[in-house]
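Here's the structure, in structure tokens; my notes come after.
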Amino acid sequence: MYVDPPDSATLLSIYRKMVQIKLNDDRIIAMMKAGKLQMPYYSARGQECIPAAISVLLTHADYLVTIYRGIHDMLAKGVPAKLIWAELAGRSTGACKGKGGPMHVTHPESGCMVTTGVVGAGMPIGCGLALAAQLRGESRVTMTNFGDGASNIGAFHESLNLASVWKLPVIFVCQNNRYAEHTSLAKGTSIERISDRARSYNIPGIHVDGNDPVAVYHAAKVAIGRARSGGGPTLIEAMTFRFNGHLIGDPGEYIPKAEYAAAVSADPYPKYREWLSSQGHASAAQLDAVEAEEAAALEAAVKFAFDSPLTDASEIKRDVFADAAA
Amino acid sequence: MSEQINTIQALNWALDDAMAADTNVVLFGEELADGEGGGVMKVTAGLSTKYGARVRSTPISEMGFTGAAVGAAVAGLRPVIEIMLMNFVAVCMDQITNHAAKLRFMSGGQTHVPMVIRTMTGSGFQTAGQHSDFLEAWFCHTPGIKVVMPSNPADAYGLLRASIDDEDPVLFIEHFPSYWNPGEAPKRGVSIPLGKARRVQAGSDVTLIGYSRSMLDIPVVAKKLEAAGVSCEIIDLRTVSPLDMETILTSVKKTGRAVVVHEAVRSFGVGAEISARIHESLFRELKAPVERVASQDCPVPFAKQLETAFLYSHADIEAAVRRTLA
Ligand SMILES: Cc1ncc(C[n+]2csc(CCOP(=O)(O)OP(=O)(O)O)c2C)c(N)n1
Ligand SMILES: [Mg+2]
């Protein structure tokens, strides 16, 4: 683990994003339990180091397409937390004014272009965003994220083929948390490594430990470099686990106890923190400061959301079509 | 006599002129480029030679390339894609109804999807149940997408130009059995606004409402009725969704009678919606219930005599008019 790490500043940026994601996730769940938020919530706790490590290689100009389990991806990409919180709380200041919700947060300013609740559907859309960049001669890349289960839907296969044939600057990031709802990888997927599916489409497939931010960083660096230089798409499979079940309320009975215990003991978050300080990349005081800053930022985001007015019902008449807007 | 062209030529002109006017217009679909024949019906002939990479033949991946059009449109291009035959929209419904039609609303107006989906259909060539259906009602039932259905070459040109310029997704349904029928040539560069029906002929006894294929039949029957002393007003909807209720209601208010004619099957169709809306607005002024003339509620059959029995006949239209007069 942690082989050939980048500079300490980069490592600390990754850590900061992981902290931000974890704190937001914990708080969302707490607010749901307190009855302050009502929504279906697909927690990504356990998966945070994947987007954290990838996004330090991206700018706002790069595009992101993500899924219902995507708040970690959005935060890492730079969607302001206050806009996400206001969205979850159904406020007029929400990223989508409360009309999209947790499964559809969108924020083009930070490159978060489409978030879909339909398994696999983001991949063709990611191809199109990448096509636009290619046709315009732009250097931006498109990251399109999805789960292991999504590699069994037609959209995945059509997209990898199309991206390969057209050499699109797109990176397909499979966050393999070993379950699709209640179906294990072995039961639903014909192949052990999803990254091997890349070979059928004549594109590189990289299999990486998604609990190792350094490994994810290197895999992403190669893929992003290839996409930016016209070398076409890459499939990255990052192995991970989701600690809070498919969605909040899922008791997770289908997960063998030993498997769950092993996954939780491999939690990337405390491990990475320990490694950062033991290797001298950051002092304990620095890490404490990052955590305190992120906690304060979260408080401000939550306050912003709940201080904002609820979206007025008249909003349902707007933005069905362009000309419907007042 | 003025210059005559057919619908294939008119569509080709519209695409050519739109591409010349706006470099954001891109075309893709199966066999569209000249290397693959310029489209199965040659609608896109010559365009890839003229516009290069902006016109692309795709793999047989309707879900993939329709989704790519959604992504490209979100990124600011104006994709015009071709689904070779209307029945094949069934394999990319998710991208059309869950994504193209909804992203503007679900993103709170931050993104929108200015794409056109061209497709063609119609019975008469014995292509049976999976190559002939009119499925416009599926899309009219989806808020966020417009449905345009021209009936002649000049309208095909003007409506396609307006569809490409529209800020929202448009499903553009072409009647392919009449592709080769000559008609008055369009004025190049002139769009026909969406959402506006055309009063084709003024009359006083009954309003005949049609679009696409039924506009080939309605004038023939109207002429016969005219000779028998029945004065028919004819309306070509041109845009089926959103409906131009103003034009419809103005006419029916005057005549007190209405007959809606379409090739799509009868039940739960566009005719039912128009009938309901007329009854809701003009119940007391109607001299007879609104009549619907449509195809039988069965899959389009193969054998010629069955295919003929599936579609409405001119006698059916005449009988419906006579029922309103009885
Ligand atoms: C097309 C489609 N089918 C079914 C569902 C219901 N569903 C939501 S998430 C999910 C499991 C997806 O698993 P995976 O791709 O591994 O992603 P994860 O949830 O594990 O992140 C299913 C079946 C859906 N949203 N879309
Ligand atoms: Mg999964």
Seminar exercise, completed: When B:LYS42, A:LYS317 are arranged by how many other beta-carbons sit within 10 Å of their Cβ, fewest first, they go A:LYS317, B:LYS42
Seminar exercise, completed: Computed over the Cα atoms of chain A, the Rg and Dmax in Å are 19.2, 59
Seminar exercise, completed: Mean shadow area (nm²) of the C-alpha convex hull around chain B is 16.7
Problem set entry | For segment A:71-218, alpha-carbon Rg over 2.2 N^0.38 Å | 1.10
For this session: Taking a cut-off of 16 Å between Cα atoms, list the aspartates and glutamates near A:LYS77, but don't count ones fewer than 8 places away on the same chain.
Result: A:ASP25, A:GLU48, A:ASP62, A:GLU109, A:GLU294
Exercise. If you count the DSSP beta bridges with both ends in segment B:198-325, what percent of them are antiparallel, to the nearest 5?
Worked result: 20
Problem set entry | Over segment B:221-326: Kirkwood hydrodynamic radius from C-alpha pairwise inverse distances, Å | 14.7
Problem set entry | Mean projection area, nm², convex hull over Cα of segment B:28-81 | 3.4
Problem set entry | Other-chain or far-sequence residues with amide H under 5 Å of A:ILE206's (modelled H) | A:LEU235, A:ILE236, A:GLU237
Exercise. Mind checking the dipole of segment B:198-325: about its Cα centre, +1 per Lys or Arg Cβ, -1 per Asp or Glu Cβ, Debye to the nearest 20?
Worked result: 220
Seminar exercise, completed: Exposure proxy check on A:CYS127, B:CYS232: fewest-to-most Cβ neighbours within 10 Å is B:CYS232, A:CYS127
Exercise. Under Stokes-Einstein, with the Kirkwood radius over Cα pairs standing in for Rh, what whole-number D in µm²/s applies to segment B:4-184 at 25 °C and 0.890 mPa s?
Worked result: 153
Exercise. Helix-derived [θ] at 222 nm for the protein assembly as shown: sum -39500 (n - 2.57) over DSSP H runs of at least 4, divide by residue count, nearest 500?
Worked result: -11500 deg cm²/dmol
For this session: Place +1 on the Cβ of every Lys and Arg and -1 on the Cβ of every Asp and Glu in chain B, take the dipole about the Cα centre, and give the residue among B:GLN4, B:SER123, B:PRO301 whose Cα lies farthest towards its positive end.
Result: B:GLN4
Problem set entry | Percentage relative contact order, segment B:4-184, counting C-alpha pairs under 8 Å, at least six apart | 27
Exercise. In the Gaussian network model of chain A, springs joining C-alpha atoms below 10 Å, which of A:PRO268, A:PRO309, A:PRO169 carries the largest mean-square fluctuation?
Worked result: A:PRO309
Exercise. When DSSP beta bridges are limited to those with both residues in the protein assembly as shown, what percentage is antiparallel, rounded to the nearest 5?
Worked result: 15
For this session: Let me know the mean shielding of A:115-122 by other chains, meaning the per-residue number of their Cβ atoms within 10 Å of its Cβ.
Result: 4
Problem set entry | 0 to 90° range, to nearest 10: angle between helix B:270-282 axis and chain B longest Cα axis | 50
For this session: Could you list A:THR234, A:THR189 in order of exposure, starting from the residue whose Cβ has the fewest other Cβ atoms within 10 Å?
Result: A:THR189, A:THR234
Seminar exercise, completed: Taking every DSSP bridge whose two residues both lie in segment A:8-304, the antiparallel percent to the nearest 5 is 10
Problem set entry | Protection proxy ranking, peptides B:192-202, B:67-77, average beta carbon neighbours within 10 Å, highest first | B:67-77, B:192-202
For this session: Give, in whole angstrom and from largest to smallest, the semi-axes √(5λ) of the equivalent ellipsoid of the protein assembly as shown, with λ running over the eigenvalues of the Cα gyration tensor.
Result: 52, 26, 21
Exercise. Using unit Cβ charges (K, R positive; D, E negative) and no other charged atoms, how large, in debye to the nearest 20, is the dipole of the protein assembly as shown about its Cα centre?
Worked result: 600
Exercise. If you count, for every residue in B:96-102, the Cβ atoms of partner chains within 10 Å of its Cβ, what is the mean?
Worked result: 3
Exercise. By a straight-distance test (C-alpha under 25 Å), which lysines pair with B:LYS253 as possible cross-link partners, with residues fewer than eight away in the same chain excluded?
Worked result: B:LYS196, B:LYS223, B:LYS224, B:LYS287
Exercise. Given labels modelled 7 Å from the Cα in the Cβ direction, how far is it in nm from A:TYR254 to A:ARG136?
Worked result: 4.1
For this session: Please determine, in degrees from 0 to 90 and to the nearest 10, the orientation of helix B:7-21 with respect to the longest principal axis defined by the Cα atoms of chain B, where the helix direction is its Cα long axis.
Result: 50
For this session: Determine, for each peptide in B:150-163, B:176-189, the mean count of other beta carbons within 10 angstrom over its residues, then list the peptides with the highest first.
Result: B:150-163, B:176-189
Seminar exercise, completed: Mean per-residue count of partner chain Cβ within 10 Å for B:52-64 equals 5
Seminar exercise, completed: In whole angstrom, the spacing between the Cα centers of segment A:164-194 and segment A:239-289 equals 22
For this session: Rounded to the nearest 10 degrees, what's the angle between the helix B:214-227 long axis and the longest principal axis of chain B, both from Cα atoms, 0 to 90?
Result: 20
Problem set entry | Links that overshoot a 24 Å alpha carbon limit, given the list A:LYS36/B:LYS102; B:LYS42/B:LYS187; A:LYS36/A:LYS303; A:LYS36/A:LYS99 | A:LYS36/B:LYS102
For this session: About the Cα centre of chain A, how large is the charge dipole given +1 on each Lys and Arg Cβ and -1 on each Asp and Glu Cβ? Please answer in debye to the nearest 20.
Result: 440
Seminar exercise, completed: Hydrophobic long helices for chain A, i.e. whole DSSP H runs reaching 24 angstrom or more by Cα along the axis with Kyte-Doolittle mean at least -0.5, come out as A:8-33, A:284-307
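Laboratory data are not the source of any read-out in this text; all were calculated from the coordinates shown. If you're wondering where the values come from, they're calculated on a predicted model, not measured in any experiment. Neighbour counts run over all protein chains shown; Cβ positions are idealised from the backbone, glycine included.
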